[in-house]
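The block underneath contains the structure these notes are about, expressed in C-alpha cells.
The values are calculated or read from the model by the stated rules, or taken from the named source; none is laboratory data. Since the model is a prediction, treat every value here as computed from it, not as a measurement. Note: ideal-geometry Cβ built from the backbone for every residue, glycine included; neighbour counts use all protein chains shown. Calculation scope for accessible area: heavy atoms of the full protein, side chains included, ligands and nucleic acids excluded. Shrake-Rupley method; radii C 1.70, N 1.55, O 1.52, S 1.80 Å.
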Amino acid sequence: MDLKSELLKSIWYAFTSLDAEKCGKVSKSQLKVLSHNLYTVLNIPHDPVALEEHFQDDDDGPVSNHGYMPYLNKYILDKVKEGMFDKEKFDDLCWMMTMKKNYRVVPKGALLSERDSFKLFCLFNLLSEDKYPLMMILEEVEYLLKKISTAMNEEWDGKLLDDLISQDATVQEEGMSVWTFLELMNAGRLLKVTSAEAFSVALDEVFLEMYHNVLKRGYMWKKGHVRRNWTERWFVLKPHSVSYYVSEDMKDKRGEILLETGCVIETLPDREGKRCLFCVKTQNKTFEMSASDLRQKVEWTQAIQTAFRLQNEGKSSLHHELKLKRRVQREHGQRERSRSSHGSSSSQPDESNVPEAEKTEKNKDRQDMEIESIIQHARELEIKRREAEEKERKKQKEVQMELERQLKEAEMLRDSMQAEMQEKKKEAEQQKKRIQELELTQQKLEAALNMEIQTRLEEEKARTELQSLCVDVYLRPTLKTLEIPQVVLQAEEEKKKQFQLLQEQQKALQSLSVIEEDPAGGADEDTPSALDSASQELQDLQESRQRSHQRLEEVQEKLRNASQHVRHWNVQLNRLMTPITPGDRMQNRQVAKEFCPKKEGALASNEFITKFKNLASQNNEMTEEHQKLEQQQETGHVSDGEEESQ
C-alpha cells in the first residue's frame, strides 16, 4: 500500500464526518476548511483559488465525494512526498475531525484513554482492507490482539473473540468498523486486561513497531568518532536509518546512521573491555556498537539485515509486507476451500485429482506449521526480550537507587563540610581579630616605651643642664656632691671675697663726707659698677636655676605619666598573652615567636618582654638617682637661704 492510499483512509474519515446527512455530499465551505487544514498539516503551499476554479459551475449546491476526489488528487495528494510532513499529526487532525461526531467520550476509569483510542484508530487504518467503507476482518483483529497480548507478556485467549462471533455472525463475514472495534475494546469484549497501565505501555510499543516502522529499539554502547570513548545511547532502528538518543524519552537526538545502498554489518571480536561487538559500515564512517549480551547482538544484527533487505526491495514498512503476505495466504486458503467444496459436491470425483488434493492439503498444513513456528519463535523472542528488558530495567533502577544514595551521602558530606568550614571561618576570624588586638596593643606599648625613653632622655638632658647650672652658680653643696674640681672652688672663693670686699667698700663710701667726694670720684664709680654687674650676674644665675627647676619638675611629671602608661599597657599585654585555641598549637606558636623577624622597628614578643624588663630596671635606677638629685637640690636650697640671710 502506497502513501497515497494511506492518506486517503484518514481523509475519508474526515470527509464522512462532514457529511451530516449521510448522502455522500459536503458543502463547499466545509471543503474549503478541510482543504486548508490538509494544506497546513501536509506542508503544501495553499492555493485558495484552485477549489473555486474546480467547482465554478456548481457554486450553489453541495460538492459530491466523487467531485472532490479529482481536486484532492491534483492539488494535494500529487504534491505530497514522504518525509516532508509528520504523518502522526496528519492522522491526529483527521481523528479530531471524526471523533467528535462518531466516538463517544471515554468515561473516567475506562480501559482506553483518548490517546490510546487514537493509537488504535491508526492501527485499524493500517490493518483494514482497501475497500470503502473501511472494515477490518477478524483475522487482522486477531493478529493485532495477539501482538498486544505478547507485548503485555500474556498468553492470547481467543475465547472472547469466539464468543463475539457466536453472538454476531455478521462480524465474521463483513468484519467490523473502527467505532465498533473501539467500543468492544473499551468494554473488554475482545481482550482480557488486568491493568490499564500495562495495556497502555504494550499498546505504545505495538504502535511504535507497526505505525512508526520501528524494527527494534533499546540501549547499546557506541564508540565515538572524535573522543573515541564508549557512551551508552538509546537506539531506534527503522527501515532506512538507525537513530540514537541520550535516553529512551527520545528528546535529545545525538545522531543518525543512514542505511544507504552499500552499507554492511560485521561482527567484531571483544576488545577494550567491551563484548558482543559489531559495526555498521557506511560509505563515509564505521559505527562500532556493543550489545548487552549475545542474544541482543543477534537480534540487532538480524533486524539491521532485515532493514537492508527492505531497502533493497524498495519497501518502506515490514508490517505492510506482512499484511500483504497474510492477505495472499487468506486468498489462497479461500481458493483451496472453494475447490475442496466443489470437489466434494461432485457425484463422481476424479480419482486423478485425489493425490493433487492431498498434496495441496499437505502443502497447506506445512505452510500453517511454518507460520505457526515463525509466530512461536517470534513470541519466544519477544518474551525473552521482555525478560531481558525487565532485568535491565531492574538493574538500572538499582543503579539509580545506588546513585541516589551516593548523591544523598555526598550532599550530607557537603553540608557537614560547609558547616565545618563555617566554624573554621568563624574561628579564623576570631583569631585574626585577636591577633589584630595583640598587634595594636604591641604598637601602643612600643609607643609608650618610646615615649618613656624620650622622657628619660629629656630627664637626663635636664639633669645635665642642672649640673652645669649648679657649677655656674658655684653652689658648695652641689659642687661637693657632684665632685666639682678644686680650681672651680678656689675661683668661687675668690669671687666671694671680692664680693665681700666690694660690700665693705660700698659701706665705707657711704660714710665719707661730701668734701672727700671729688678726690675719690673715679674710684667710687668703678666700685658700684663692679658691684652692680656682680649682682646682675647673681640674679641671672638664680633665674636660670629657677627655670631649670621648673623644667625638671615638668620632666618628672612626664616621667610619672609615662611610667603609668607603661604599667597600663603591660597589664593589657599580660591579659592578651593567653593561649589562642586550639590549645595543642601553643607550643608551635611559641617556637615560631623565637624566629619572628623585626619589621619596621617592631619587636617580637620575647625581645619585647626582655627589652621591657631592662627598661624597667633602668627606670628604677634612674628613679633612685632622681631622688638623690632632689635631695642634693634641697640641700643646695637650704645653703643658699643661709647665705642670703647672711
Rounded to the nearest 10 Å², the 1.4 Å probe accessible area of Glu543 is 80 Å²
Give me the lysines in straight-line cross-link reach of Lys558: C-alpha distance below 23 Å, same-chain residues under 8 apart excluded. Lys444, Lys461, Lys611, Lys613, Lys628
Is there a pair in Lys9/Lys79; Lys79/Lys216; Lys159/Lys394; Lys192/Lys315; Lys251/Lys325; Lys28/Lys87 whose C-alpha atoms are over 29 Å apart, and which pairs would that be? Lys79/Lys216; Lys159/Lys394; Lys192/Lys315; Lys251/Lys325
Met451: accessible area at probe 1.4 Å, nearest 10 Å²? 90 Å²
At q = 0.15, 0.22 Å⁻¹, what is the log10 ratio I(q)/I(0) for region 1-101, with the Debye formula run over Cα points and no solvent? -0.58, -1.27
Taking a straight Cα-to-Cα line shorter than 28 Å from Lys497, and setting aside same-chain lysines fewer than 8 residues away, one finds Lys480, Lys507
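How large is the dipole of region 159-275 about the Cα centre if only Lys and Arg carry +1 and Asp and Glu carry -1, each at its Cβ, rounded to the nearest 20 debye?
Here region 159-275 has a charge dipole of around 1080 debye.
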Working with all protein chains in place, sort Lys444, Lys461, Lys87 by solvent-accessible area computed with a 1.4 Å probe, largest first. Lys461, Lys444, Lys87
Cross-link reach list, lysines versus Lys425, counting only Cα pairs under 20 Å and skipping chain neighbours closer than eight places: Lys433
Heavy-atom accessible area of His568, protein chains in place, probe 1.4 angstrom, given in Å² to nearest 10, is 90 Å²
Return the FRET efficiency for the residue pair Glu389, Glu427: r is the Cβ-Cβ distance, R0 is 56 Å, and the value is rounded to the nearest 0.05. 0.50
If I stretch the segment between Arg405 and Leu509 completely, what's the gain in nm (0.36 nm per residue apart, minus their alpha carbon distance), one decimal? 24.8 nm
Taking only protein heavy atoms and a 1.4 Å probe, the highest-to-lowest accessible-area order of Thr40, Thr194 is Thr194, Thr40
